[in-house]
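Structure record follows, encoded as structure tokens.
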Amino acid sequence: MIETLLLYLFAGTALLAAVAMLVLRHPMRVALALVVTMLALAGVYALLGVHVIAVFQVLIYVGAVMVFMVYVIMLLDVRDRSYVGKFSRLLVPASVGSVLLLAVLARALWQDLPAPSTAVGETAFGVQQFSIAFLNEYWLHFELVSVLLVVAIVAALAVIKAGWRDHG
Amino acid sequence: MNRLLTVIVLLPLAGFLVNGLLGNRLGKRFVSFVGCGLPLLAFAAAIVCVLDLRTGGFAPLVETAYTWAVVGDRSFDISFYFDRLTAVMVLIVTGVGSLIHIYSIGYMKDDASYARYFAYLNLFLFFMLLLVLGRSLLVLFVGWEGVGLASYLLIGFWFDDPDKARAGKKAFLTNRIGDAGFLLGMFVLYQGLGTLEMERINAAFMSGPAPAVSASLVGILLFIGACGKSAQIPLHVWLPDAMAGPTPVSALIHAATMVTAGVYLVARLSGVYTHAPEASAAIAAVGVLTAFFAATIALVQTDIKKVLAYSTISQLGLMFVALGVGAYGVAIFHLYTHAFFKACLFLGAGSVIHALGGEQDITKMGGLARKIPITFATFAVATAAIAGIPPLAGFFSKDEILWFAFASSFGGSPLLYAAAAGTALLTALYMFRLLWLTFFGASRLSDAAMHHVHESPPSMTGILIVLAALSTVGGFVALPHFLEPLLPLPEVRPERVAFETPLLFVSIALAFVGLAGAAFLYSRKGERAERLCRQFPALHRVLTGKYFVDEAYERFIDRPLFWISERVFLQFGDRKVFDGTLHGIAALGRRTAAVLTRVQNGDLHLYAFLVLAGIVASLAWSWRHG
Amino acid sequence: MDKIQMLVALSAGLFALGLLGIIVRRNVLVMLMCMELMLNGVNVMLVTFAQQAGSTAGAVLVFLVFVVAAAEIAIAIPIVLLLARRKHTLDIDAYVDLKG
């Protein structure tokens, strides 16, 4: 009972914060709204029983991605033309379009959904089971992901070097 | 020999190839030898064929030279056919042709394109022999077109002069119009009878049930072709202009042989025409109209060759009158005598022109009789022949035509006779006028020019003498009687039989009245003729203007056609429609691209929006269609 | 509306809002953050169905999405930095050099 209430609460928070993201003017506030969304989603994952994913959500998304984002916002001068006029000229058509998108997605997704089952063990998504699966069954994906991260590092370095070349 | 007909046809072709390809390198004597020798050989071969024909009881000789095409179960051959009619035609073509070739040696002696001349002349002979020897209308048509080609090449022989070249073009184009009729006639015949072989066409009409083809339709269509080739109204306009070619060419092609091809065609298909009274009536009407009309124009012409050209048109008209009343043999008889005296007249004119160093205007001649006696004598004999003075050749053939025009039960009438007789009178009148103005009276030349006048060389005068002799005695060969088994003479109306002898005297009288009239008008410096001219200025203007036929064609046919070609086909059809469509398609592509380019304006928002729209659309579509 | 339906609706809503945000907001950093929102929406769906099926493969896939998102942001932000330095603005209407 309480779990269902909490689930709905966290889900609603995520949705509201997402709406707030679209409406707030200052990018820093937008970033913080996004953080709220992500934390609420972490809560949703935890309530679903997928603890390992909830932890990774907070660690990676909030802890790395959003922190990086906040640094950059602090670095750059955000009071420019986009601060004054925050919406593009496609506001109305895009709103209409996204309502249509929601309608279409709802129509598609809401029929034939499987009945919810709660008979999932807590240990199914524990860290141990997760890591055993990741490093045994899905070891190829693990390797590929590490390659991807190396590539990302190299690319970031290259971008920085390009930045140095431009400005000495 | 069973290949002799093919040999006759191929000899002049060999002459064309040899003289055309090698003539320039091998010199004038070689060219003359080959160019005249081969036609003479063909003439000899023709005589052999006539003897063969005689010994075979005049059963036609047939030779198939080559199977040209086989379409399904029908085949088209190149085959040759030699019967009485063909015999007459081949002898005329090769005989008179050879004589004119020999004359050309002297006439064209100083011309730079000597070899080309003889090559073209031999080519003409080849096509003409193909025409007369052909068994099927197809071979005849090849010869028909070929002589048209040779005529074009020879009329425009001195093509550096644009007027002469234009005359050649005019001849070819006018002939082409006639050929359209000819082709249509051939198509109708083939579709109706399944054959183009002329003896079988005749047989289909003469014996057996009436074929599903209208004889009159075929008759008229083929006659249209004959009008073009034989210069009858309204396709006569090319013949006077054709005088731009060398004079021997005018003699050979435009007097003796090519223009008679139309007459030959009708005579050959007599089986069709005896069953086509409407077509025959049309032929007679056109013939007599042309004869009279051309004779009136000849009265006022001042160029010696143009007088003879209109005279040819007029005489051809008389031949068609004979054909129109069913007297096919008589028409061929007149063709035969006409070949002699007209060739003699033209070659005589050539001799005069040669003597005067190029002068062709008879108002600038006169008093030449003593200076160039042989030319004068032969010219006078030929003039008497054409006027119909007995016992020369022209008298016999013309009298027969007049008689059948009056008395034939197949369309003869007093009206036809009257018009034809009027033509005969005018013929005598203008021919003696020509003789008078050219040879008699005081000379209108300058003294210097008079001093240079000299008789032509024997190669030319010899031929003139031969032709004059033939014009004298040729009439005694009873050609209609010879041709009668093949071309029967028409029935004479019984009520008119009594007129035969009186009309004979009328014919003689007409000739002498013409002679006297010319002498009367043109003696004493022609002052009586001048006075007559001043009394009827409008008539004189119409006649000198040749009834303004060329001008009428130019205004009512040429100009509208040019207008249509220019405005409708070129500016509208070609530029606006074709080019416009292509440019329009290109412009459409360009404008569409211009519109579509506006999508790629670098605005990321637009791109994302299009992604959204695309997702919505594709999801909606996939759910609508399952 | 049961749990699953609600979570699916949440996922669709987050995704739609993220796409809307990309189209309507002019600041390039805000656009990047809306992209992250889209990814999160997808993640919700993935987690929901992974939990329903009891499938570890689902959890692994979610983890992979995290990693890819991190790598992507690590590159995107330096690119934005360079652009902003060149154009002296964060307004995406200034970044239209690739037109035509």
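Brief remarks follow.
- Dividing the summed helix terms, -39500 (n - 2.57) for each DSSP H run of n ≥ 4, by the number of residues in chain A produces a 222 nm estimate of -23000 deg cm²/dmol to the nearest 500.
- Extent of chain B along its three principal axes (Cα atoms, max minus min coordinate, largest first): 112, 66, 57 Å.
- Comparing Cα centroids, region B:382-418 and region B:149-164 end up 35 angstrom apart.
- Extended-chain gain in nm, criterion 0.36 nm per residue less alpha-carbon gap, B:ARG624 and B:ARG74: 191.5 nm
- Convex hull projection area averaged over all views, region A:1-80, Cα basis, nm²: 5.2
- Label-point separation, B:GLU554 to B:ILE585 (7 Å along Cα→Cβ), nm: 4.3
- Long hydrophobic helices in chain A, taken as whole DSSP H segments with a C-alpha length of 30 Å or more on their own axis and mean Kyte-Doolittle hydropathy at least 1.0: A:2-23, A:27-48, A:139-167.
- For the pair A:ASN136 and B:GLU484, label points projected 7 Å from Cα toward Cβ lie 13.2 nm apart.
- Percentage, to the nearest whole number, of Cα pairs in chain A over 23 Å apart: 63
- Taking a point 7 Å from the Cα of B:ALA44 along the Cα-to-Cβ direction, none of the residues of region B:101-130 has its backbone N closer than 16 Å to it.
- Around the Cα centre of chain B, unit charges on the Cβ atoms of Lys, Arg, Asp and Glu (plus for the first two, minus for the last two) sum to a dipole of about 1120 debye.
- If R0 is taken as 45 Å, the Cβ-Cβ distance between A:LEU75 and B:ALA613 corresponds to a FRET efficiency of 0.80.
- Applying both filters, DSSP loop and at most 13 other Cβ atoms within 10 Å, to the trypsin sites (Lys or Arg not before Pro) of region B:357-462 gives B:ARG370.
- Calculated over region B:222-330: convex hull of Cα atoms, volume per residue (Å³): 81
- Binning the alpha carbon pair distances of region B:15-90 at 10 angstrom intervals from zero yields the distribution 17, 28, 28, 23, 5, 0, expressed in whole percent.
- Set of lysines near A:LYS161 by C-alpha distance (under 28 Å), chain-local residues within fewer than 8 positions excluded: C:LYS87, C:LYS99
- Take each residue in B:16-25, count the other chain C-beta atoms within 10 Å of its C-beta, and the mean is 0.
- For the protein assembly as shown, the spread of Cα coordinates along the three principal axes comes to 148, 68, 56 Å, biggest extent given first.
- Cα pair count fraction exceeding 21 Å, expressed as % - region C:3-95: 43
- The helix-only estimate of mean residue ellipticity at 222 nm for chain C, built from DSSP H runs of length n ≥ 4 each weighted as -39500 (n - 2.57), is -28500 deg cm²/dmol after division by the residue total.
- Calculated FRET value between B:ILE508 and B:ALA212, using beta carbons and R₀ = 45 Å, to 0.05: 0.40
- Region B:283-308 residues near the modelled B:ASP361 label - backbone nitrogen below 11 Å, point 7 Å along Cα→Cβ: B:302-303
- Folded to 0 to 90 degrees: helix B:137-155 orientation relative to chain B principal axis, Cα: 80
- In degrees, nearest ten, helix B:458-473 long axis to first principal axis of chain B (Cα): 70
- In degrees, nearest ten, helix B:215-229 long axis to first principal axis of chain B (Cα): 80
- Kirkwood Rh and Cα Rg combined as Rg over Rh, evaluated for region B:69-209: 1.06
- Spin-label pair A:VAL92-B:VAL62: with each label point 7 Å from Cα along the Cα-Cβ axis, the two points sit 9.5 nm from one another.
- With the convex hull of its Cα atoms as the shape, region B:481-626 has an orientation-averaged projected area of 30.8 nm².
- Proximal lysines relative to B:LYS169, as straight alpha-carbon distance under 24 Å, when same-chain residues fewer than 8 apart are discounted: B:LYS229, B:LYS305, B:LYS306, B:LYS546
- For B:LYS28, a cut-off of 19 angstrom between C-alpha atoms picks up these lysines, skipping any fewer than 8 places away in its own chain: B:LYS109.
- Stokes-Einstein D for region B:295-453, Kirkwood Rh over Cα pairs, 25 °C, 0.890 mPa s (µm²/s): 152
- Summed over qualifying helices (DSSP H, 4 residues or more, each -39500 (n - 2.57)) and divided by its residue number, chain B shows a 222 nm mean residue ellipticity of -23000 deg cm²/dmol.
Readers should treat all values here as calculations from the given coordinates under stated rules, not as data from a laboratory. It should be emphasised that the depicted structure is a prediction, and the values quoted were computed from it without experimental measurement. All Cβ positions, glycine included, derive from the backbone under ideal geometry; neighbour counts span all protein chains shown.
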